[in-house]
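Report on the following structure.
The values are calculated or read from the model by the stated rules, or taken from the named source; none is laboratory data. Predicted model, so just to flag it, every value in this text is computed and none were measured. Neighbour counts are summed over all protein chains in view; Cβ atoms, including those assigned to glycine, are modelled from backbone coordinates with ideal geometry.
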Amino acid sequence: MKKKWFGASLLVLMLALAGCSEEKAKPEEKPKKEQTEEKTASDETANQAKIIKNMQENAVELDPKALEADPKAYEEKIIKAVGTVNSETPVATGGSFELKVGETNFKVMNFTMSKVAPGSDIIVYGNVKTGKDAKSGLSLINATYIE
């Protein structure tokens, strides 16, 4: 009978020690999470690159005369506007600037992380908004990517 109690006590002791060793192993899981976050960040960067490439390949060249003739000509299309920044101050994320495409000026809302300098030649990818800017009377472009 003493052997059974001794065996049962030994078993309980071993289980208790096994439970303690599992707690020590748990902190090692954190580096795995960090590696997963790094992989997620690199996957996100790769996805952004694919989106930008797709946008560049499928964008329609903005023709100011066609837009003026038919304001809905570029509705639901990604446009590519090549022009010169016609602004007095540098513009960063969330700002707006004027872009001269051919002989026509547009107001561009900068939704990118790009800064644009006055007088620089750029390519804007985005969409044309229906209507005109209330203050300037210029057609509006939402820039989602700037080269």
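If residue 76 meets every condition in (1) in contact with a strand residue (DSSP E or B) (Cβ under 9 Å, 6 or more places away or on another chain); (2) outside any loop (DSSP other than H, G, I, E, B) apart from one, which number is that one?
Of everything listed in (1) in contact with a strand residue (DSSP E or B) (Cβ under 9 Å, 6 or more places away or on another chain); (2) outside any loop (DSSP other than H, G, I, E, B), residue 76 misses just condition (2).
Is it the case that the range 85-106 has a residue that's among the aromatic types (Phe, Trp, Tyr) and over 12 Å from residue 140 (Cα atoms)?
As a first pass, look at the range 85-106 and keep what is among the aromatic types (Phe, Trp, Tyr): 97, 106.
If we keep only those that are over 12 Å from residue 140 (Cα atoms) too, we end up with none.
No, the conditions are met nowhere in the range 85-106.
Can you name the residue in the range 62-73 that is assigned to a loop (DSSP other than H, G, I, E, B) and surrounded by fewer than 12 Cβ atoms within 10 Å (Cβ to Cβ) and, of all such residues, is modelled with the lowest pLDDT?
It comes out as 72.
Identify, please: which residue in the range 115-140 is under 15 Å from residue 72 (Cβ atoms) and aliphatic (A, V, I, L, M) and is, among those, surrounded by the fewest Cβ atoms within 10 Å (Cβ to Cβ)?
In this case the residue turns out to be 140.
Out of all the residues in the range 89-103, is one or more out of contact with any strand residue (DSSP E or B) (no Cβ under 9 Å at 6 or more places or on another chain) and either modelled with pLDDT under 80 or among the hydroxyl-bearing types (Ser, Thr, Tyr) (or both)?
Looking for residues that are out of contact with any strand residue (DSSP E or B) (no Cβ under 9 Å at 6 or more places or on another chain) and either modelled with pLDDT under 80 or among the hydroxyl-bearing types (Ser, Thr, Tyr) (or both), one finds none in the range 89-103, hence no.
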